[in-house]
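Student: Mind having a look at this structure? Questions to follow.
The values are calculated or read from the model by the stated rules, or taken from the named source; none is laboratory data. What you are looking at is a predicted structure, and each value in this text was computed from that prediction instead of being measured. When we count neighbours, we look across all protein chains shown, and the Cβ atoms used for this are built from the backbone with ideal geometry, even at glycine. Ligands, DNA and RNA are stripped out before the accessible areas are found, and what is left, the full protein with its side chains, is counted by its heavy atoms. Shrake-Rupley method; radii C 1.70, N 1.55, O 1.52, S 1.80 Å.
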Amino acid sequence: GAVVSQHPSWVICKSGTSVKIECRSLDFQATTMFWYRQFPKQSLMLMATSNEGSKATYEQGVEKDKFLINHASLTLSTLTVTSAHPEDSSFYICSARDPSQGDNYGYTFGSGTRLTVV
Amino acid sequence: QKEVEQNSGPLSVPEGAIASLNCTYSDRGSQSFFWYRQYSGKSPELIMFIYSNGDKEDGRFTAQLNKASQYVSLLIRDSQPSDSATYLCAVNIDDSSASKIIFGSGTRLSIRP
């Protein structure tokens, strides 16, 4: 089945620094990837849709200058949290879409990245 | 704003019983519906997907869809302690950017031995 690898699984950074999270599709080409954020005891909130070779589309209320998304190849999307603050501490999860998986639209999730900003 | 609604729970069910999880959605244009299971600290894993009205069965799981009522449900038969998790209902949304899925707030299920 489709596999999505996300790295790192956890990261601690100092306030004001930037953190990059990688999402890779290992056995399929992902023309579209999605980035979600999940705060404790809350559901997954879609942050942005990343399309290979074009600009990401951000959901309402998500700062595109703070959460930089790059989808330069069909197997890699990156999310950079710039000038991180403690309120950015969250569980970030990517999802990649495998177009060959038919009706279930091939939404496969990475293992998530737990970001803690101190 | 397109929404997916779930009862947050917790829902407590005795081992061996049937657990029933419910979900409603606002976008009548949605065509595909998903149930994900999420253990604490882990990412969601797909349990079922359904896109036709009626029932779809896979082992101990049955998904039910009623597009007229905008209602999706998940039944878990012979509930096991390992089924204790948060169950997320997700719905596809098509807009100008892409087909994407949005999630409900999740229902915490607890199976008591």
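Student: May I ask for the equivalent-ellipsoid semi-axes of segment A:47-106, computed as the square root of five times each C-alpha gyration tensor eigenvalue and listed largest first in whole Å?
Tutor: 24, 13, 11
Student: A follow-up question, please. Exceeding 20 Å between C-alpha atoms, which entries from my cross-link table qualify? They are A:LYS41/A:LYS66; A:LYS20/A:LYS55; A:LYS66/B:LYS100; A:LYS14/A:LYS66.
Tutor: Pairs exceeding the cut-off: A:LYS41/A:LYS66; A:LYS66/B:LYS100.
Student: Next question. Could you tell me the relative contact order of segment A:63-102? Use alpha-carbon pairs under 8 Å, at least six residues apart, and round to a whole percent.
Tutor: Answer for segment A:63-102 is 29 percent.
Student: Here's a follow-up. Could you name the aspartates and glutamates whose alpha carbon sits less than 14 Å from that of B:LYS2, not counting residues in the same chain fewer than 8 places away?
Tutor: Straight-distance partners of B:LYS2: A:GLU59, B:ASP27, B:ASP94, B:ASP95.
Student: Given a 1.4 angstrom probe, what's the average accessible area per residue across chain B, in square angstrom?
Tutor: Per-residue value: 46 Å².
Student: Pull out a ≥ b ≥ c, the square roots of the eigenvalues of the alpha-carbon gyration tensor of chain A, then state rounded if a/c is under 1.5, prolate if not and a/b is larger than b/c, and oblate in the remaining case.
Tutor: Here chain A falls in the prolate category.
Student: GNM, chain B, Cα, under 10 Å: largest mean-square fluctuation among B:SER79, B:SER52, B:SER99?
Tutor: Its mean-square fluctuation being the largest, the pick is B:SER99.
Student: For B:GLU15, which sequence-distant residues (separation of 5 or more, or a different chain) have an amide H within less than 5 Å of its own amide H, given hydrogens modelled in the peptide plane?
Tutor: Here the answer is B:ARG112, since their amide H atoms fall under 5 Å of that of B:GLU15.
Student: Moving on. Largest first and to the nearest Å, give the Cα extent of the protein assembly as shown along each principal axis.
Tutor: That gives 50, 36, 34 Å along the principal axes, largest extent first.
Student: Return the distance in nm (one decimal) between the two label points of a simple spin-label model at A:LEU74 and A:LYS14, each offset 7 Å from Cα along Cα→Cβ.
Tutor: The two pseudo-label positions are separated by 4.2 nm.
Student: Over the Cα atoms of chain B, what is the Rg over Rh ratio if Rh follows Kirkwood?
Tutor: Expressed as Rg/Rh, it is 0.97.
Student: When only Cα pairs under 8 Å and 6 or more residues apart are kept, what is the percent relative contact order across segment A:37-106?
Tutor: 26
Student: In addition: Determine the distance separating the Cα centre of segment A:40-77 from the Cα centre of segment B:41-86; give it in Å without decimals.
Tutor: 28
Student: How high is the relative contact order of chain B, given as a whole-number percent (alpha carbon pairs under 8 Å, six or more residues apart)?
Tutor: 37
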